[in-house]
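**Student:** I have a structure I would like to understand better, so I am pasting it below and will then ask my questions one at a time.
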Amino acid sequence: MPGSSTGSPPLWDPVGEATAASAAPRPGERVLDACCGAGASALPAARTAGPDGGVDAVDLSRSLLGIAENRARNEGLENIRFCEHDVTTWHAPDGGYDLVQCALGVFFLRDMDQDTATLAGMLRRGGRLTVTVWEKGALGAWGQAFKSTLETEREWPRSPLSAQLARIDTAETLAAWLAGLSLTDARVVRRQLDVPLTPDTAWYLAMGSGTRALLDTLTPAAVERVRAQFTTRLTAASMTDLDVRFLTGTAFA
């Protein structure tokens, strides 16, 4: 799951906890947390799986994995391992996983359909896949303000990520998509969080999600200009709440 070097618990941790709650790992189960980021969904899964179970948490970001490792260490969680690896080439243990979960990550995959089918293929028979995605319109005002600000420094690129997310951003389309992966009994839960929008929260989201790649192409001075103008826009618009709406779908192998 996305995260940032500074962290943003008011956003990422509740989304991760909600994902793990829908996935409902049981004591003793083997869990794969795909695109785990800083551990927002992996850590609650490890707590529930207990000492007889285990969580493999996989992500490509070494810095986010370092944050997750520190959090697990501080909690004394010994049934979780964090691995820097492309999760689509990860090898499941013998017998497969009981649960594969992915919070706010499937739309970052190169081929969302094929790569998620690969994740589902790591499940044992009867195992379950749980994914969380943004609901249509979520983060809309924040996103428009960020886009307008960034365009003062660079062109906003056309993104396959947005096209992938648009295919699964309603309860109906997410359930149908899961069914199309040869999974059964797809169930979708809609949730909304009350997250105060402060300049820090707004910037954490920019730096801790897919938009960070757009900022990485800028000079440090340009990034600071974006941050200052972004804060000014949010303040002028009196935006005090972040529109956090997301969908969590679970289906069975």
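The values are calculated or read from the model by the stated rules, or taken from the named source; none is laboratory data. None of these values were measured; they are calculated from a predicted model. Ideal geometry is used to build each Cβ from the backbone, glycine not excepted, and the neighbour counts take in all protein chains shown. These area figures cover heavy atoms from the full protein model, side chains too; ligands, DNA and RNA do not enter into them. Shrake-Rupley method; radii C 1.70, N 1.55, O 1.52, S 1.80 Å.
**Student:** Please determine whether any residue of the stretch 229-248 is touching a Pro at 6+ places or on another chain (Cβ under 7 Å), among the hydroxyl-bearing types (Ser, Thr, Tyr), in contact (Cβ under 8 Å) with a residue 12 or more places away in the chain and open to solvent by 50 Å² or more (accessible area, probe 1.4 Å).
**Tutor:** The initial filter retains those residues of the stretch 229-248 that are touching a Pro at 6+ places or on another chain (Cβ under 7 Å), namely 231, 234, 240-241.
Of the ones still in play, those that are also among the hydroxyl-bearing types (Ser, Thr, Tyr) are 231, 240.
When the remaining residues are screened for being in contact (Cβ under 8 Å) with a residue 12 or more places away in the chain, the result is 231, 240.
Okay, now just the ones that are also open to solvent by 50 Å² or more (accessible area, probe 1.4 Å), so 240.
Yes, that holds for at least one residue.
**Student:** I would also like to ask the following. Return yes when Asp94 is without any contact (Cβ under 8 Å) to a residue 24 or more places away in the chain, at negative phi and not in a helix (DSSP H, G or I) and no when it is not.
**Tutor:** Judged against the criteria, Asp94 is a match.
**Student:** When you look at Ala253, is it within 21 Å of the chain's Cα centre (by Cα), within 30 Å of Val100 (Cα to Cα) and at pLDDT 95 or above, yes or no?
**Tutor:** no
**Student:** OK, next. Just one of (1) more than 16 Å from the chain's Cα centre (by Cα); (2) among the hydrophobic types (A, V, I, L, M, F, W, C); (3) outside any strand (DSSP E or B) trips up Ala21, so point out which.
**Tutor:** Going through (1) more than 16 Å from the chain's Cα centre (by Cα); (2) among the hydrophobic types (A, V, I, L, M, F, W, C); (3) outside any strand (DSSP E or B) one by one, Ala21 breaks only (1).
**Student:** Can I ask one more? Could you check the stretch 62-90 and list, in sequence order, the residues that are open to solvent by less than 30 Å² (accessible area, probe 1.4 Å), more than 15 Å from Arg30 (Cα to Cα) and either touching a strand residue (DSSP E or B) at 6+ places or on another chain (Cβ under 8 Å) or in contact (Cβ under 8 Å) with a residue 12 or more places away in the chain (or both)?
**Tutor:** Hits for the stretch 62-90 are Leu64, Leu65, Ala68, Ala72, Cys83, Val87, Thr88.
**Student:** Further question: Could you list, in sequence order, all residues of the stretch 133-173 that are farther than 19 Å from Trp12 by Cα, without any contact (Cβ under 8 Å) to a residue 60 or more places away in the chain and part of a loop (DSSP other than H, G, I, E, B)?
**Tutor:** Hits for the stretch 133-173 are Glu151, Glu155, Trp156, Pro157, Arg158, Ser159, Arg167.
**Student:** Still on this structure: Output yes when any residue across the stretch 115-127 is open to solvent by 30 Å² or more (accessible area, probe 1.4 Å), at pLDDT 95 or above and either under 30 Å from Leu218 (Cα atoms) or of a type in the set (A, V, I, L, M, F, W, C) (or both), and no when none is.
**Tutor:** yes
**Student:** Additional query: So Val100 ticks every box in (1) of a type outside the set (Asp, Glu); (2) in contact (Cβ under 8 Å) with a residue 24 or more places away in the chain; (3) not in a strand (DSSP E or B) but one. Which box is left unticked?
**Tutor:** Of the numbered conditions (1) of a type outside the set (Asp, Glu); (2) in contact (Cβ under 8 Å) with a residue 24 or more places away in the chain; (3) not in a strand (DSSP E or B), the odd one out for Val100 is (3).
**Student:** Another question, then. Could you go through the stretch 134-145 and let me know if any residue there is of a type in the set (Lys, Arg) and within 17 Å of the chain's Cα centre (by Cα).
**Tutor:** Initial filter on the stretch 134-145 (of a type in the set (Lys, Arg)): 136.
Next, from what is left, pick out any that are within 17 Å of the chain's Cα centre (by Cα): 136.
Yes, there is a match, as at least one residue in the stretch 134-145 is of a type in the set (Lys, Arg) and within 17 Å of the chain's Cα centre (by Cα).
**Student:** Name the one entry in Leu139, Leu150, Leu161, Leu174 that is on the phi < 0 side of the Ramachandran plot, open to solvent by less than 40 Å² (accessible area, probe 1.4 Å) and in contact with a helix residue (DSSP H, G or I) (Cβ under 9 Å, 6 or more places away or on another chain).
**Tutor:** Residue meeting the stated conditions: Leu150.
**Student:** Sticking with this structure for a sec: Outside any helix (DSSP H, G or I) and more than 30 Å from Ala176 (Cα to Cα): is that true of Ser238 in this structure?
**Tutor:** The answer is yes for Ser238.
**Student:** Let me ask something else about it. What about Glu84, is it over 18 Å from the mean Cα position of the chain (by Cα), modelled with pLDDT of 95 or more and not basic (Lys, Arg)?
**Tutor:** For Glu84, the condition - over 18 Å from the mean Cα position of the chain (by Cα), modelled with pLDDT of 95 or more and not basic (Lys, Arg) - is not met.
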